[in-house]
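Worksheet for the structure shown next.
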Amino acid sequence: GRRFDVVVIGGGAGGLSAAAGLLRRRPNLSVAIIEPSAEHFYQPGFTLVGGGVFTARQTRRAEASLMPRGAEWIRSRVERILPDEGRVVVADGSPLSYSVLVIAAGIVLDWGGIPGLEETLGRNGVTSNYRYDLAPYTWQLVQELSRGSAVFTQPPMPIKCAGAPQKAVYLSCDEWRRRGVLDAISVEFDTCTPALFGVPAFVPPLMNYIRDYGVDLQLGSRLVSVDGARKIATFERKGGNGPERVERGFDMLHVVPPQVAPGFVRESGIADEAGFVAVDPATLRHVTYRNIYALGDVAGTANAKTAAAVRKQAPVVALNVLATLDGKEPVFAYDGYGGCPLTVERGKIVLAEFGYGGRLMPTLPKWILDGTKPTRLAWFLKKDVMPRLYWEMLRGHEFMVKPDRVAA
Ligand code: FAD
């Protein structure tokens, strides 16, 4: 097999940003990026596709056009890591050896985890903004619906962008209100979580919208099956005498699927209990293998799984990987930052930014942007600024990030 200084698993947000950051700092490094897909998706844009603001096409680019200069793209899928040998086994081709490994394979959408769901996706009014090809169907359904019932779901944590399930609720309701049909549609939001949002500071402004739109909020309610032909969704909820099953008829059903860590992580013996890569929450280095790092959704860290988190993680990983290659200890620390722009209506956003433990971490001073209130500025950032920052981030541009040094 072939040998590289750094092998990166995944050419998504985390993999490309970290690889580009490495090559910007040290252009002669030999870097391989293993990524099976010919296309890269700007997933944070999917919510706006489902809300009729972006076209799907705006959220997709050819993977080849995003590969950092100097990186070698291995178009294959990782099947297993052999961490004691420093090798990676891919689906087709011989194993690759690395000095340092960076894992950025994302999180797996487990559509099959809900019986009946997969076969009715994209039909019978069943949709999801979590897939490029389905987000336009969300907008189609919203436009077609004038009366009846709309049901939105959120699976157990962890999921990527935990705010995205309710963003779909708000943007749909906003459109129905504009068309004057909201009163004729019963809207229900079923979430497995015990609260509307994980960080208490953002719950009151969101609850205002739940009330204004007249959404029936069901906390602790888990989607367990879908009958597409009969248009019935079944939920499990806590009842007085233990769990009860509740059936809901729908005209439109927006599902966010359960999400799990990639299987190869656990099979390679590098996972935490939940199956994600067991890394130090600050240095992002593996807890036992000193030459393995992880970032993005696959990392077993307690931050919000978002591209916003990747913005802060990628420079930390790039700098620490270089230190490791030089035989030194990791020098920089990630602070747990993550962000979630909650699209509460077309034109306004509650911009939740927070770190480990739910600590509020606003990027801008409060007098410019108060993240606990719906603002037009945050909408403008989401629609017009963040997409550009994202594509630049993939090229190794590091915006407003100055990673902390590891405490001595
Ligand atoms: P990804 O970008 O998903 O990339 C993972 C890559 O790994 C993929 O290209 C995949 O093909 C590849 N891969 C998988 N398995 C293998 C394997 N075995 N071998 C090789 N390669 C593999 N974030 C925000 O910051 N703000 C938002 O508003 C926001 N909204 C979102 C809305 C939706 C609907 C969704 C779905 C996500 C949203 N996110 C948002 C989350 C954001 O998209 C992710 O957190 C981010 O993409 C994580 O980057 P990543 O590199 O870990 O994973």
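The values are calculated or read from the model by the stated rules, or taken from the named source; none is laboratory data. Quick caveat, the model's predicted, so the values are computed rather than measured. Here Cβ is always computed from backbone atoms with ideal geometry, including for glycine, and neighbour counts include all displayed protein chains.
What's the total number of residues in region 258-276 that are within 11 Å of the ligand (Cβ to nearest atom) and crowded, with 19+ Cβ neighbours inside 10 Å? So the answer is 7.
Candidates Asp133, Asp110: the one that is closer than 21 Å to Thr59 by Cβ, modelled with pLDDT of 95 or more, within 16 Å of the ligand (Cβ to nearest atom) and surrounded by fewer than 20 Cβ atoms within 10 Å (Cβ to Cβ) is Asp133. Within region 22-49, the residues that satisfy the criterion of being more than 11 Å from the ligand (Cβ to nearest atom), part of a helix (DSSP H, G or I) and either touching a Ser or Thr at 6+ places or on another chain (Cβ under 6 Å) or charged (D, E, K, R) (or both) are Arg24, Arg25. Screening Gly357 on (1) touching a helix residue (DSSP H, G or I) at 6+ places or on another chain (Cβ under 9 Å); (2) not in a loop (DSSP other than H, G, I, E, B); (3) not aromatic (Phe, Trp, Tyr) shows it passes everything except condition (1). All conditions but one from (1) more than 27 Å from Arg24 (Cβ to Cβ); (2) in the same structural domain as Val53 (by TED's automatic domain parsing) apply to Leu351; the one that does not is (2).
Looking at Ala62, Ala91, Ala105, can you tell me which residue is in contact with a Ser or Thr (Cβ under 9 Å, 6 or more places away or on another chain) and within 14 Å of the ligand (Cβ to nearest atom)? Steps first, answer last, please.
Values: Ala62 fails: in contact with a Ser or Thr (Cβ under 9 Å, 6 or more places away or on another chain); Ala105 fails: in contact with a Ser or Thr (Cβ under 9 Å, 6 or more places away or on another chain).
On inspection, the qualifying residue turns out to be Ala91.
For beta carbons closer than 8 Å, sequence separation of 6+ or different chains, a first residue in region 122-148 that is farther than 21 Å from Val108 by Cβ and a second that is surrounded by 15 or more Cβ atoms within 10 Å (Cβ to Cβ) and at pLDDT below 95, there are no qualifying pairs.
Output the residue which, of all residues in region 304-348 that are assigned to a loop (DSSP other than H, G, I, E, B) and crowded, with 24+ Cβ neighbours inside 10 Å, is nearest to the ligand (Cβ to nearest atom). Working first, answer last.
First pass over region 304-348, keeping only residues assigned to a loop (DSSP other than H, G, I, E, B): 304, 306, 326-331, 334-337, 346-347.
Now restrict to residues that are crowded, with 24+ Cβ neighbours inside 10 Å: 304, 306, 334.
Values: Ala304: 8, Thr306: 3, Tyr334: 14 Å.
So the residue we want is Thr306.
Only one of the numbered conditions (1) within 26 Å of Arg290 (Cα to Cα); (2) part of a loop (DSSP other than H, G, I, E, B); (3) among the aliphatic types (A, V, I, L, M) is violated by Leu369, and that is (1).
Got a number for residues in region 74-88 being charged (D, E, K, R), within 14 Å of the ligand (Cβ to nearest atom) and either without any contact (Cβ under 8 Å) to a residue 40 or more places away in the chain or part of a loop (DSSP other than H, G, I, E, B) (or both)?
Filtering region 74-88 for residues charged (D, E, K, R) gives 75, 77, 79-80, 84-85, 87.
Now drop any that are not within 14 Å of the ligand (Cβ to nearest atom), which leaves 75, 77, 79-80.
Keeping just the survivors that are either without any contact (Cβ under 8 Å) to a residue 40 or more places away in the chain or part of a loop (DSSP other than H, G, I, E, B) (or both) gives 75, 77.
So the count comes out to 2.
Among the residues here, Ala19 qualifies as farther than 27 Å from Leu134 by Cβ, crowded, with 21+ Cβ neighbours inside 10 Å and within 15 Å of the ligand (Cβ to nearest atom).
Contact annotation: residue pairs with Cβ atoms under 6 Å, 6 or more positions apart or on different chains, pairing a residue in region 28-46 that is under 18 Å from Gly339 (Cα atoms) with a partner that is within 6 Å of the ligand (Cβ to nearest atom) and among the hydrophobic types (A, V, I, L, M, F, W, C), are Pro44/Ala307. Of the residues making up region 1-16, those that are modelled with pLDDT of 95 or more, more than 13 Å from the ligand (Cβ to nearest atom) and of a type in the set (Gly, Ala, Ser) number 0.
Beta carbons closer than 9 Å, at least 6 apart along the sequence or on distinct chains, pair a first residue in region 149-170 that is under 20 Å from Tyr337 (Cβ atoms) with a second that is away from the ligand (no atom under 12 Å from the Cβ) and of a type in the set (Phe, Trp, Tyr) for Ala162/Phe197; Gly163/Phe197; Gly163/Phe202. Scanning region 256-275 for residues that are part of a loop (DSSP other than H, G, I, E, B) and in contact (Cβ under 8 Å) with a residue 40 or more places away in the chain yields Val256, Pro257, Pro258, Ala261, Pro262, Ser268, Gly269, Ile270, Ala274.
Working only within region 287-297, note down all residues that are on the phi < 0 side of the Ramachandran plot and either free of Cβ contacts under 8 Å to residues at least 40 places away in the same chain or near the ligand (Cβ under 6 Å from one of its atoms) (or both).
Val287, Thr288, Arg290, Asp297, listed by residue number.
Consider region 131-146 and keep the residues that are in contact with a strand residue (DSSP E or B) (Cβ under 6 Å, 6 or more places away or on another chain) and in a loop (DSSP other than H, G, I, E, B). The one that is nearest to Val169 (Cα to Cα) is Leu145. Do we find that Thr127 is buried (at least 23 other Cβ atoms within 10 Å of the Cβ), closer than 20 Å to Ile210 by Cα and modelled with pLDDT of 95 or more in this structure? No; evaluated as a whole, the condition is false for this residue.
Can you name every residue in region 81-97 that is on the phi > 0 side of the Ramachandran plot and either surrounded by fewer than 18 Cβ atoms within 10 Å (Cβ to Cβ) or of a type in the set (Lys, Arg) (or both)? Talk me through it step by step, then tell me what you get.
At the first step, the residues of region 81-97 found to be on the phi > 0 side of the Ramachandran plot are 86, 93.
Gly93 - this is the single residue of region 81-97 that is on the phi > 0 side of the Ramachandran plot and either surrounded by fewer than 18 Cβ atoms within 10 Å (Cβ to Cβ) or of a type in the set (Lys, Arg) (or both).
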